[in-house]
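Inspection log for the structure reproduced underneath, given as structure tokens.
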Amino acid sequence: MPRHLLYCFLLLNLLCAPTFAAAPRPDYGSVRVDEVTSIYDGDTLRVTIRAWPAVAGERVPVRLYGIDTPEMRDKRPRVYDLAKRAKQFSVARLRGAKRVELRQIRRDKYFRLLAEVWVDGLNLSDLLLKAGLAKPYYGGKKVSW
């Protein structure tokens, strides 16, 4: 086999390997949040973590692991109302919290932090699920609202 074809083959294998192999995602541990800076919807927020360098810890986007809430931009009135309720639920829990932690931190496909968000010792994802404001979600195709 000509050398240039061998190099192309090896390069193609390296580039495509992550899409074919289901390697476990790294867990970057846990951290205490210093400030919740904004809450976009029920499952997406931004936080500041002062223990991290500003480039990585200032207003960093976080997606709650294990759930999906309706999107605020949904045009269907019933779904939009549910999205508002999910956001209000998260806002109330996060703004009133004494301690917010991110646990089992990893990255999602949009490079946000993907983590369990714990509010005063309670898992926010579990609270949203119990309130009927979220559905379980672990990647792949989302279930319609």
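Answer yes or no: is there a residue in the stretch 60-77 that is more than 22 Å from L133 (Cα to Cα) and touching a strand residue (DSSP E or B) at 6+ places or on another chain (Cβ under 9 Å). There is at least one residue in the stretch 60-77 that is more than 22 Å from L133 (Cα to Cα) and touching a strand residue (DSSP E or B) at 6+ places or on another chain (Cβ under 9 Å). In the stretch 127-145, the residues that are within 23 Å of R107 (Cβ to Cβ) reach residues that are modelled with pLDDT of 95 or more and assigned to a loop (DSSP other than H, G, I, E, B) with C-beta atoms within less than 7 angstrom, at least six apart or across chains, in these pairs: L128/G42; L128/T69; L128/A134; A134/G42; A134/D43; A134/T69. What pairs come up if the first residue lies in the stretch 35-46 and is touching a residue at least 60 places away in the same chain (Cβ under 8 Å) and under 18 Å from L128 (Cβ atoms), the second is small (G, A, S) and assigned to a strand (DSSP E or B), and their beta carbons are under 7 Å apart, counting only those six or more places apart or on different chains? Filtered contacts from the stretch 35-46: L45/S38.
Selection of the stretch 45-78 for residues being among the charged types (D, E, K, R) and under 12 Å from E35 (Cα atoms) yields R46, R50, E58, R59.
Residues considered: V79, V55. Of these, the only one that is β-branched (V, I, T), modelled with pLDDT under 95 and more than 18 Å from E116 (Cα to Cα) is V55. Could you grab me the full set of residues in the stretch 102-145 that are crowded, with 17+ Cβ neighbours inside 10 Å, of a type outside the set (F, W, Y) and under 15 Å from the mean Cα position of the chain (by Cα)? Passing the criteria: L102, I105, L113, L114, A115, E116, V117, N123, L124, S125, L128, A134. Tell me, please, whether a residue that is under 23 Å from E71 (Cβ atoms), in a strand (DSSP E or B), small (G, A, S) and modelled with pLDDT of 95 or more can be found in the stretch 92-113. Scanning the stretch 92-113, I find no residue that is under 23 Å from E71 (Cβ atoms), in a strand (DSSP E or B), small (G, A, S) and modelled with pLDDT of 95 or more, so the answer is no.
Take the conditions (1) of a type in the set (F, W, Y); (2) at pLDDT below 95; (3) buried (at least 16 other Cβ atoms within 10 Å of the Cβ); F89 misses just one of them, which is (2).
The values are calculated or read from the model by the stated rules, or taken from the named source; none is laboratory data. All of these numbers come straight from a predicted model, not from anything done at the bench. Using ideal geometry, Cβ is built from the backbone for each residue, glycine included, and neighbour counts are taken over all protein chains shown.
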